[in-house]
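Asker: Provided herewith is a single structure, encoded as structure tokens, for subsequent inquiry.
The values are calculated or read from the model by the stated rules, or taken from the named source; none is laboratory data. All values derive from a computational prediction rather than experimental measurement. Counting neighbours? That spans all protein chains shown, and the Cβs are built from the backbone with ideal geometry, glycine included. Calculation scope for accessible area: heavy atoms of the full protein, side chains included, ligands and nucleic acids excluded. Shrake-Rupley method; radii C 1.70, N 1.55, O 1.52, S 1.80 Å.
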Amino acid sequence: MSKGAASRAAAARILCDVLEKGRSLSQALPQHTENMESRDRAMVQSLCYGVLRHLPLLNAAIASFVSKPLKKDLVILHHLLLVGAYQLLFMGTSEHAAVAATVEATEVLKKRRQKGLVNAVLRNLQRQRDALLPKLETNPNLQHGHPRWLAELIEQAYPAQAQEIFTANNAQAPMWLRVNTQQVSVADFIAALDDFAPELRGETMSDAGAIRLNQAVDVRQLPGFAEGWFSVQDIAAQQAARLLAGKNAERILDCCAAPGGKTAHILELTPDATVHALDVDEQRLARVRENLQRLRLPATVICGDAAQPDQWWDSQLYDRILLDAPCSATGVIRRHPDIKWLRRPSDIAQLVQTQHELLDALWPMLRPGGRLVYATCSILPAENKEQIEAFMQRHNDAIAVPTAPTGASYWQRLPGEQGGDGFFYAIVEKQL
């Protein structure tokens, strides 16, 4: 059995896990690719990401050549056809190789009897692609590649930018690095990176220690990884620690801290601060500890629910609190395309309520004159602007602080803006 067939079969299984069983892509991918070589894993990831970005159009393309839906024990073949259709319509793979490997994957999936069906659908799609694709691409229900309810929320919130948001969400996100200046200077890291691969470094913000790579790479191979010289963190997410504006000797709380990128950045900027990294998930806190160890940065890691401070808080007030709140993650769809298909409309109200509870639980823990930064990787107003406005109405000792570069009291970054993810920030200080 060829590696190409194994890769297509693995992609079909992963897509079935995500779309039929509701598993996240980050859970399903490792399980089905752990024994593969890196090149094959990359192929599987590319196939899965591509299908999830263009799912409505691919479903419509397959429906044009399948007389009735493939269900029950044949549903895996629908996902295999999605893999084949994505290769033919978007990937630029050799048509012969795409069809042959996908058809062969039926044997890996123990569906040899349906080999002819898969071959017929893909051959028809191959022959009729040039006539079919323009029709599908001009269908308004397929153009945005999002579930209807989410597309409507985005269109309501951003009527002038909705199409740009859809396009950004369906594109591949760049890889950004953040230099750990406690271990290496920005100039020395840039020199080492350029020596390693001169063509790799793209946009560079030397004053902020942010570097965009021209292509995604295995970061473990980059110079200084083991020595803690850098972290992978999107440029939008890198604003959190800077907006917190902590100072050495202050007491700082990072809530919902896993996997620890923002905790580390706080310590890189204020190495003599007392930093507590809090998260409710003990397993995810293991990642925080690993990252801090690699970066050689000290923090107190606490497992606890930020909404239940009586269970873990020592009653000493904090000078700064960062709340990177649980959210719909609608600003990072380009990194996690499964979000579009796993998220449900009812989730938004539940998340808004959780954010409300977290803000109200944390506010008494902030000293007068202290600063709270509220952050989400969402673009939905209910989780962002409206959430903060409601909080300000509940707390008359809360003072809005200019947050955005324009001086506005909140900062909504949209996906793709300045090469970054969609992110929301608001700074609130407690009246003395």
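Asker: If Thr330, Thr406 are ordered by their accessible area, calculated over protein heavy atoms with a 1.4 Å probe, which sequence runs from highest to lowest?
Answerer: My answer, sorted largest first, is Thr406, Thr330.
Asker: Let me ask you something else. Among Gln45, Met91, Thr181, whose Cα sits farthest toward the positive end of the charge dipole of the chain (+1 at Cβ of Lys/Arg, -1 at Cβ of Asp/Glu, about the Cα centre)?
Answerer: After comparing all options, I get Met91.
Asker: Using unit Cβ charges (K, R positive; D, E negative) and no other charged atoms, how large, in debye to the nearest 20, is the dipole of the chain about its Cα centre?
Answerer: 1880 debye
Asker: State the answer as a single residue: which of Gly22, His79, Ala120 lies farthest towards the positive end of the charge dipole of the stretch 1-134, with beta carbon charges of +1 for Lys and Arg and -1 for Asp and Glu, about the Cα centre.
Answerer: Projecting each Cα onto the dipole axis, the largest value belongs to Ala120.
Asker: On a 1.4 Å probe surface of the protein chains, which of Asp194, Asp272 comes out largest in accessible area, and what is the full order?
Answerer: Asp272, Asp194
Asker: Further, regarding this structure: Express the C-alpha Rg of the chain as a ratio against the empirical globular expectation 2.2 N^0.38 Å, rounded to two decimals.
Answerer: 1.07
Asker: Turning to a different aspect of this structure: Net charge within 15 Å of Asp207 by Cβ-Cβ distance, Lys/Arg positive one each and Asp/Glu negative one each, not counting Asp207 itself?
Answerer: +1
Asker: Which stretch or stretches of the stretch 194-217 have amide N atoms under 19 Å from the point lying 7 Å from Arg39's Cα along the Cα→Cβ direction?
Answerer: 216-217, by backbone N distance to the label point.
Asker: Could you grab the relative contact order for the chain? Cα pairs under 8 Å, six or more apart, rounded to a whole percent.
Answerer: For the chain, the relative contact order is 13 percent.
Asker: Turning to a different aspect of this structure: For the stretch 364-396, list residues with backbone N below 20 Å from a point placed 7 Å from the Cα of Leu432 toward its Cβ?
Answerer: Taking a point 7 Å out along Cα→Cβ of Leu432, the residues of the stretch 364-396 whose backbone N falls under 20 Å are 364-373, 396.
Asker: Quick check: residue separation of Asn124 and Ser94 times 0.36 nm, minus the Cα distance between them. What number comes out in nm?
Answerer: In short, 9.2 nm is gained.
Asker: Related question: If you count the DSSP beta bridges with both ends in the chain, what percent of them are antiparallel, to the nearest 5?
Answerer: 55 percent
Asker: Among Arg23, Arg178, Arg413, whose mean-square fluctuation peaks in a Gaussian network model of the chain (Cα, cutoff 10 Å)?
Answerer: Looking only at Arg23, Arg178, Arg413, the largest GNM fluctuation is found for Arg23.
Asker: Mind checking the full-extension length gain between Gln27 and Asp305? Use 0.36 nm per residue of separation minus the Cα-Cα distance, one decimal, nm.
Answerer: Taking 0.36 nm per residue and subtracting the Cα distance, the gain is 97.8 nm.
Asker: Please give the length that would be gained between Ala408 and Arg367 if that part of the chain were fully extended, namely 0.36 nm times their separation in residues minus their C-alpha to C-alpha distance (nm, one decimal).
Answerer: Fully extending the segment from Ala408 to Arg367 adds 12.4 nm.
Asker: If you don't mind, another one. Which values of log₁₀ I(q)/I(0), to two decimal places, follow from the Debye formula for the stretch 252-340 at q = 0.10 Å⁻¹ with a uniform point scatterer at every Cα?
Answerer: Normalising to I(0) and taking log10 leaves -0.27.
Asker: Counting each DSSP H run of 4 or more residues in the chain as -39500 (n - 2.57), what helix-only mean residue ellipticity at 222 nm follows after dividing by all residues, to the nearest 500 deg cm²/dmol?
Answerer: After summing the helix terms and dividing by the residues of the chain, the value is -14000 deg cm²/dmol.
Asker: If you don't mind, there's one more thing I want to ask. Label the stretch 231-288 by shape, choosing from rounded, prolate and oblate, from the square roots a ≥ b ≥ c of the eigenvalues of the Cα gyration tensor; if a/c is under 1.5 it is rounded, and otherwise prolate applies when a/b is larger than b/c, oblate when it is not.
Answerer: oblate
Asker: Moving on. Could you tally the net charge around Pro147, taking each other residue with its Cβ under 15 Å from the Cβ of Pro147, Lys/Arg +1 and Asp/Glu -1?
Answerer: My count for the surroundings of Pro147 gives +1.
Asker: Where Lys and Arg each count +1 and Asp and Glu each count -1, what net charge lies around Val401 among other residues with Cβ under 14 Å from its Cβ?
Answerer: Net of charged neighbours comes to +2.
Asker: Same structure, new question: Just to verify a number: FRET efficiency for Val232 and Ser64, C-beta to C-beta distance, R0 = 45 Å, to 0.05?
Answerer: 0.65
Asker: While we're on this one: Looking at the chain as a GNM with Cα springs under 10 Å, which of Ile379, Ile266, Ile348 has the largest mean-square fluctuation?
Answerer: Result for the chain, Cα springs under 10 Å: Ile348 fluctuates most.
Asker: Roughly what angle does helix 38-53 make with the longest principal axis of the chain, taking Cα atoms, 0 to 90 degrees, to the nearest 10?
Answerer: Roughly 90 degrees, rounded to the nearest 10.
Asker: I'd like the orientation of helix 95-108 relative to the chain: the angle between its Cα long axis and the longest Cα principal axis, in ° from 0 to 90, rounded to 10.
Answerer: On a 0 to 90 degree scale, this one is about 90.
Asker: Among Pro405, Pro147, Pro223, determine the one that fluctuates most according to a GNM of the chain built with springs between C-alpha atoms less than 10 Å apart.
Answerer: Pro405
Asker: Provide, for the chain, the number of lysine pairs with alpha carbons under 19 Å apart, each pair being eight or more places apart or on different chains.
Answerer: So the count works out to 17.
Asker: Related question: Residue by residue, what Karplus-based ³J(HN,Hα) values in Hz, rounded to whole numbers, does the stretch 348-357 have, using 6.51, -1.76 and 1.60 with θ = phi - 60° and x for Gly and Pro?
Answerer: 5, 4, 5, 5, 4, 5, 4, 4, 4, 5
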